[in-house]
Each structure stands twice: as C-alpha cells, then as structure tokens.
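Read the figures in this text as sums done on the coordinates, not as results from a lab. None of these values were measured; they are calculated from a predicted model. All Cβ positions, even for glycine, are placed from backbone atoms using ideal geometry, and neighbour counts span all protein chains on display.
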Amino acid sequence: MRVLWFTDVLPAAARRHLGLPPAPGPQAWVDCLADELGRRAVDLTVAVPWPQPFPAFTSGGVRFVGLAASPEPAGRWRRVLEGWRHRVDDPLALAAARRLVRELRPDVVHVHGTESVCAPLVPVVEGAPCVVSLQGLLGQYRRFYFAGRTAGDLVRLALSPETLKGRGELHGYARLAAKARREAWVLRTGRWFMGRTAWDRAALAAANPAARYFHCDELLREPFHAAEWRPQGHDGSRLYCTSSTMLFKGGETLLEALALLRRAGHAGLRLRLAGVPPASEVGRLYRAAARRSGVAGAVDWLGRLDGAAIAAEIAAADVFVYPSHVDNSPNALAEAMLVGAPVVATFAGGIPSLLRHGEEGLLVPRGDAVALAHAVATLLADRELAARL
C-alpha cells in the first residue's frame, strides 16, 4: 500500500538530514507513527511544508519530502505586518502538495490534523481516499481559549511587546480562530476521518453525518513504555504537570489548588511544571498567578523537556495533574497513565474517553480549584488508592 502523509511538523529524521538540532514537542508523536509504519509493508512518504524545501530522502524505510512553503517575510516591519494579518493558508504549499499527489498517485492520502496547512486538500484529492486525523477540535478550543484569565491578564496580554510585534497569545487566538473556520469547512466537506474519543466522534457527526469515522489510538513515545511509577519512596511532596503555552491548559487553576493544599496541611508540597518556558507570555502570566496565590516559591519551572526527562518526572511524582479547560486526547495525560502514575484530570472534551473516573484516575470539573485540590489531597492521603489508580 502506498501512503502519502502530510504533516506540518518536521520529523526527527528530517531535522537530522537538514542538520537541525532535536526539538522536544509534537514531532515526537509523528516520529512514533512514521517509525511504526516504516516497519510494516507500507510504502510511506511523509511530506512537510518547509520554507527551504528539500529533495526526497529515505530513512528507516520512510521517504521524506520537503514541500515548498511561503518563507517568512524579509525585514522587521514586514514580519510585524504579517503577524497582524493572521493568515493561515499557504497557497504555495498547497499547490506543491497537489503536485505531489498527482506525481505519487498514492492509495491513501493522510492529513495529520484539521489545523494542517494541507487540510484544504481533503475534499479535492482525486483517485484516492483522503483521510484527516482529528488531533484537536479548534472550534471548541476557541471557545475556551481565555478560560480562567483575569481582566488584568488580558490587559497585560494586550500591552505585551509580543502583541505589538504581531506575535503572542492574542495573535495566536486570532490565528486559531481562522484555522477553526477552515476546520469547519473541512469537517463539512471531507468523507473520511480518524479520531480517538467520543467527543471528536460526536463533533464530526454533528458537522457531517455522512462522513466515515475510524477509531485510531495514538502511539506513545518509547521512554514512557520503559518508565514505571513505584509507590515506594513517594513522600507526598511533589506534583507534576506536563503543560504547554496554550492559555486554556488550566495552569492558573493548578496554582490556586496548590495554594489551597499548602494551606490545608501540605506545607511542603511543590509543583514541577514542564512545557511552559518561564520567559514566555504564558509563563509570565503563570508566575504572576503564583505570586498572587502565594506559591511562587513552591513551583519549579522546568521549561520544555524531552521524552526521557518527562518520563522521569512522571515516575518521581506523587500525583500527575492535568487541569486543562478543554482537550481532545492529550498525549501528556496518556503518557502519565502509561507510566502508571496516579492522575487527576478535568472532565473536559475527550478526556473522559481516556480515563475512567475512579478506576484509572480521578476527574474533576474544569476550572474548579477546590475540587482539584480535594482530589489531589485524596490521593496524597490514600496511598493504596493512588497505587491502584
């Protein structure tokens, strides 16, 4: 079978080929799937829009191609202007993708995510089914983008130097909203989709009842298969969360819950937070929230970590906490469950499809710091329950 896979994320093999350093982040999950398909009887080509297109090369039985994509504008003021335009479509990359489809004549075309710049291919590919994987649901993410933010937070974002330069979270929201409009069109016009949760299945059924839906779970990175959480040696002093710089990940709720727990008798409790660079816009908002809650000295800001470091953090934590306001099937949560750590997460989006409350972890309402603190305290007090979950 000949498969052509479009992704906006540069895989590790391509980074090595181009002489670029490794980068922690979403490409790790793309790499897992590419590696697995490369070991099977699949003729796989992975195509990536890239400002410096590169000729096809083969690594691990997989062919990689760099598609011509629009480069960043030259000149400071042109980049600022482009940042304020919030354009998400790339006609150059889309034209290159169409040419590649005609050249390879694949049996299946796969677009990785409705947010992909190649998503508009979905309804126009001829001669082969074009399947899009539902990674997130941007239309729903847009509704919760600023959840938990204070008026002061929004003022700080509006006055941020990043905003003036056409970057930062307010512009990120505008671009996400534009992608959400494109996603709505893809959901209405596509015929074949892959997803992993009851939530994304329901969203597709509402948008396009005639579409075919295929359940397809995500592959997880190797370090999380090797790591193991052991209840011995955990002293109830460490929470861990893998987050990101998306505003809706609920960091402010977690910090408020940490303050409640420390005041309620867990005075030595610390939070280790990964995925949020302290100097980023979201990092600055979280640090301000930590100061307001009186827990600034109880948070270890770890920044971005690779898979091995994250697995080690999960294995060493007393409780893994995932407080997001909305998510479809967060790999961070699935990785913690694979390691075996006791988990507290929010009843939001597709998360209940991953975690059964009371059997595989505890679920709490989104944005509810009191409920979050109570669930964490329950696991810290009942180590037998924590080990069972």
Self-check item: Of all DSSP beta bridges in the chain, antiparallel share, percent nearest 5
Solution: 5 percent
Quiz item: Cα convex hull of the range 222-388: how many Å³ per residue?
Solution: 96 Å³
Quiz item: How long are the semi-axes of the ellipsoid equivalent to the range 169-268, from square roots of 5 times the Cα gyration tensor eigenvalues, in whole Å, largest first?
Solution: 37, 22, 13
Self-check item: Least to most buried among M246, M1 (fewest other Cβ within 10 Å first)
Solution: M1, M246
Quiz prompt | For q = 0.18, 0.24, 0.33 Å⁻¹, Debye-computed log10 I/I(0) when each Cα of the range 343-389 counts as one equal scatterer | solution = -0.49, -0.82, -1.21
Self-check item: In range of the label at A56: residues from the range 100-141 whose backbone nitrogen is under 20 Å from the point 7 Å along Cα→Cβ
Solution: 100-112, 118, 125-131
Quiz item: What is the Cα centroid distance between the range 335-389 and the range 222-253, reported in whole angstrom?
Solution: 11 Å
Quiz item: Residues with amide H under 5 Å of R212's amide H, sequence separation 5 or more or different chain, H placed in the peptide plane at 1.01 Å from N; which?
Solution: W192, F193
Quiz prompt | Distant-in-sequence amide H partners of G113 (H built 1.01 Å from N, under 5 Å) | solution = S133, Q135
Practice problem: Note the full-extension length gain between A309 and L18 as 0.36 nm times their separation in residues minus their Cα-Cα distance, in nm to one decimal. | Solution: 102.3 nm
Practice problem: Report, as a whole number in µm² per second, the diffusion coefficient that Stokes-Einstein gives for the range 207-250 at 37 °C and 0.692 mPa s using the Kirkwood radius over alpha carbon pairs. | Solution: 210 µm²/s
Self-check item: R105-R156 pseudo-label distance in nm [points 7 Å out on the Cα-to-Cβ vector]
Solution: 5.9 nm
Quiz item: When the Kirkwood radius is taken over all Cα pairs of the range 2-215, what Stokes-Einstein diffusion coefficient follows at 20 °C and 1.002 mPa s, in µm²/s?
Solution: 115 µm²/s
Exercise. Using the Karplus curve 6.51 cos²θ - 1.76 cosθ + 1.60 with θ = phi - 60°, work out ³J(HN,Hα) for each residue of the range 77-87 in order, rounded to whole Hz, and write x for Gly and Pro.
Key: 6, 5, 5, 4, 4, 5, x, 7, 7, 6, 7
Self-check item: the range 2-215 - percent relative contact order, Cα under 8 Å, separation 6 or more
Solution: 18 percent
Exercise. For the chain, find the longest principal axis of its Cα atoms and tell me its angle to the long axis of helix 369-381, 0 to 90°, nearest 10.
Key: 70 degrees
Quiz item: So for the pair R383, R191, with labels modelled 7 Å out along Cα→Cβ, what separation do we get in nm?
Solution: 5.9 nm
Quiz item: What nm value, rounded to one decimal, do you get for the distance between E126 and R2 when each label is placed 7 Å out toward the C-beta?
Solution: 1.7 nm
Quiz item: Is it possible to state the helix-based mean residue ellipticity at 222 nm for the chain, with each DSSP H run of 4+ residues giving -39500 (n - 2.57), the sum divided by total residues, to the nearest 500 deg cm²/dmol? What is it?
Solution: -12000 deg cm²/dmol
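Out of every Cα pair in the range 283-332, what percent are spaced more than 17 Å from each other?
Result for the distance tail: 52 percent.
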Exercise. Return, for the Cα atoms of the chain, the radius of gyration and Dmax in Å, separated by a comma.
Key: 21.5, 66
Practice problem: Would you mind pulling out the separation of the Cα centroids of the range 261-325 and the range 155-206, in Å? | Solution: 26 Å
